[in-house]
Amino acid sequence: MAPDVRFEQVQFEVFRGPELTASGTAEAARLRRDTNELFAESIRIKFPATAEREEATVTAARGRGNLAERWFQAEGGIDAVQGDDTARTERARYSSAEGVVRGDSQVVVSGPGYQLTGPGFVLDPVRRAVRIDGGASIRTGGAPR
């Protein structure tokens, strides 16, 4: 029996208990049944709006992870958009053991009237907080993005 299962036009939903926390699509995905490794291409994830925040969308060219170990790394250029704010980076990794998203490549966050740049970041989705690691620079005024 071949260890790979291949999918096209994948739709998925992520729940925390009964609450829908994310939904998305991938143009293609491959799951290795023997190792639980997951590979996906052209990923789009939507995080629904709540009373505290607007809907957010994250896109990535590709990603890989492990279902049993509960981690996933997106790469090939990532754009995260929430309202008028956009964050761009080359790659980021989520681990359920840590419960945070980490990026170790340059990140640029921009919105109306500002642009923040740093060499890495940590995003805590539960606290809804982002920390820029390794020093950051901010430019205000002028045209955003």
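Test S42 against the criterion of being open to solvent by less than 40 Å² (accessible area, probe 1.4 Å) and either β-branched (V, I, T) or in contact with an Asp or Glu (Cβ under 8 Å, 6 or more places away or on another chain) (or both), and give yes or no.
On the way: open to solvent by less than 40 Å² (accessible area, probe 1.4 Å): no; either β-branched (V, I, T) or in contact with an Asp or Glu (Cβ under 8 Å, 6 or more places away or on another chain) (or both): yes.
Judged against the criteria, S42 is not a match.
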| task | Please work out which one of (1) assigned to a loop (DSSP other than H, G, I, E, B); (2) at pLDDT 95 or above is the condition G77 fails and give its number. | result | (1)
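Scan region 102-132 residue by residue and report those that are in a strand (DSSP E or B) and touching a Pro at 6+ places or on another chain (Cβ under 7 Å). Steps first, please.
To start, the set of residues in region 102-132 that are in a strand (DSSP E or B) comprises 102-103, 107-111, 114-118, 120-124, 129-132.
Of everything in region 102-132, those that are in a strand (DSSP E or B) and touching a Pro at 6+ places or on another chain (Cβ under 7 Å) turn out to be S110, G111, Y114, Q115.
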| said: Between a residue in region 11-35 that is closer than 19 Å to E75 by Cβ and any residue that is in a strand (DSSP E or B) and among the aromatic types (F, W, Y), which pairs come within a Cβ distance under 6 Å, given they are 6 or more apart or on different chains? | reply: A22/F47; G24/F12; A29/F7; R30/F39
| request: Could you give me the residue pairs with C-beta distances under 6 Å whose first residue belongs to region 49-66 and is farther than 21 Å from L38 by Cβ, whose second residue is aliphatic (A, V, I, L, M) wherever it lies, and which are 6+ apart or on separate chains? | output: E55/A49
| query | Looking at this structure, is E69 in a loop (DSSP other than H, G, I, E, B), loosely packed, with under 14 Cβ neighbours inside 10 Å, touching a strand residue (DSSP E or B) at 6+ places or on another chain (Cβ under 9 Å) and not β-branched (V, I, T)? | reply | yes
| remark: Of the conditions (1) open to solvent by less than 50 Å² (accessible area, probe 1.4 Å); (2) of a type in the set (G, A, S); (3) without any contact (Cβ under 8 Å) to a residue 24 or more places away in the chain, the single one that A74 does not satisfy is (3)
| Of the conditions (1) open to solvent by 30 Å² or more (accessible area, probe 1.4 Å); (2) modelled with pLDDT under 95, V100 fails just one. Which one is it? | (1)
| remark: If we ask which residues in region 87-105 are touching a residue at least 24 places away in the same chain (Cβ under 8 Å) and over 12 Å from the mean Cα position of the chain (by Cα), their number turns out to be 3
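Going by the structure shown, is D85 among the acidic types (D, E) and either at pLDDT 95 or above or within 25 Å of R128 (Cβ to Cβ) (or both)? Break it down into steps so the answer makes sense when it comes.
On the way: among the acidic types (D, E): yes; either at pLDDT 95 or above or within 25 Å of R128 (Cβ to Cβ) (or both): yes.
Here the answer is yes, as D85 does meet what is asked.
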| task | Restricting attention to region 21-58, report how many residues are among the β-branched types (V, I, T), in contact with a Ser or Thr (Cβ under 9 Å, 6 or more places away or on another chain) and under 20 Å from V126 (Cα atoms). | result | 1
| remark: Selection over region 1-21 where residues are open to solvent by less than 100 Å² (accessible area, probe 1.4 Å), closer than 25 Å to P48 by Cα and not in a strand (DSSP E or B) yields a count of 1
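The values are calculated or read from the model by the stated rules, or taken from the named source; none is laboratory data. Treat the numbers as computed from the prediction; the structure is a model and nothing was measured. No Cβ is skipped: glycine too gets one built from the backbone with ideal geometry, and neighbour counts run over all protein chains shown. In case anyone asks, the SASA skips ligands and DNA or RNA and just uses the protein heavy atoms, side chains included. Shrake-Rupley method; radii C 1.70, N 1.55, O 1.52, S 1.80 Å.
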